[in-house]
Amino acid sequence: MWFTDEAVAAWQAEARTTPGGQPEYSALAIMTALTLRAVFGLAFRQTEGLVASIIGLLGLDLAVPDHSTLSRRSKTLQVPVSRRLGTGPLHLLVDSTGVKLGGAGEWLVEKHGTSRRRSWRKLHIGVDAESGEIVAIELTRKEIDDGSRTGALLDQLSDPVASFTGDGAYDQDKVCEAVAERHPDAAIIVPPRATAVPSASAETNPTHRDRHIGVIAKHGRMSWQKSSGYNLRSKVEASIGRYKRVIGDALRARTDESEATEVAINAAALNRMLKFGRPNYVRIA
């Protein structure tokens, strides 16, 4: 682990020009500490000690954010969007998964064997089919359906979307409308329900869904999955599995703001790991 000269220079917060208290640590310093906390599964006090040890071992003259500062700043921290590893139009793969809420209830179960109804959140993610990195992420309540967050995920993207791929939960008119509004030329690859029927304009002006229904009726669903590229959706499932193996399947924050910051930092950390460990293939024959 190392600190670049730019990071050392940017560790302290810039002087603010508006009324209010002067923060001591920059967003970079807070994000560095919170990233270490996420990767190593530490509490705030442990994170404070780890950052202090690293700074001491490197011989840097930098102040260490205390645990209460990390907790408070996590509610307002704006995590910058990382630059895409892939190039060209984006083939977006979307899915969602549940993440548990940690807390005293989990301790009671472990200590006393009691059981209680635990709440959970739904994590929506969008993955670049080419690079496998997480390019969009959002946390919602468990009752929010997947299709309703399509627009929110697309709004996080700056690159043009060539295709949008999701499972049957995204077989909704509002999903098609959200994609068409932002990326009119994007292909929508979502499997229609088994009972789906073509629209009234299927003969004159077929939609993406009408074309999928026609191919499935003629060649079968398995053939459609292969020809349409739907099987690439397994990459977003793999990303969810990697998230839960590396980060865990539970949230540690206690407020909505801190939870949103937590998942954004988790995604940024996974993308950085992917950038460092992703193989580079070169054709030699």
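The values are calculated or read from the model by the stated rules, or taken from the named source; none is laboratory data. Just so it is clear, the model here is predicted, and its values are computed rather than measured. Please note: Cβ atoms are built from the backbone with ideal geometry, for glycine as well, and neighbour counts cover all protein chains shown.
Descriptive notes on the structure:
- Residues in the stretch 216-228 that are surrounded by fewer than 16 Cβ atoms within 10 Å (Cβ to Cβ) and in contact (Cβ under 8 Å) with a residue 12 or more places away in the chain: 221, 227.
- Within the stretch 237-268, tally of residues that are of a type in the set (Gly, Ala, Ser), modelled with pLDDT of 90 or more and crowded, with 18+ Cβ neighbours inside 10 Å: 6
- Just one residue in the set 269, 264 is within 16 Å of residue 124 (Cα to Cα), touching a residue at least 60 places away in the same chain (Cβ under 8 Å) and in a helix (DSSP H, G or I); that residue is 264.
- Selection status of residue 192, free of Cβ contacts under 8 Å to residues at least 40 places away in the same chain and crowded, with 16+ Cβ neighbours inside 10 Å: yes
- Test result for residue 68, outside the structural domain of residue 245 (by TED's automatic domain parsing), more than 22 Å from residue 243 (Cβ to Cβ), out of contact with any strand residue (DSSP E or B) (no Cβ under 8 Å at 6 or more places or on another chain) and small (Gly, Ala, Ser): yes
- The stretch 174-189 residues that are without any contact (Cβ under 8 Å) to a residue 40 or more places away in the chain, paired with ones that are among the acidic types (Asp, Glu) (beta carbon under 9 Å, 6 or more apart): 175/146; 182/155
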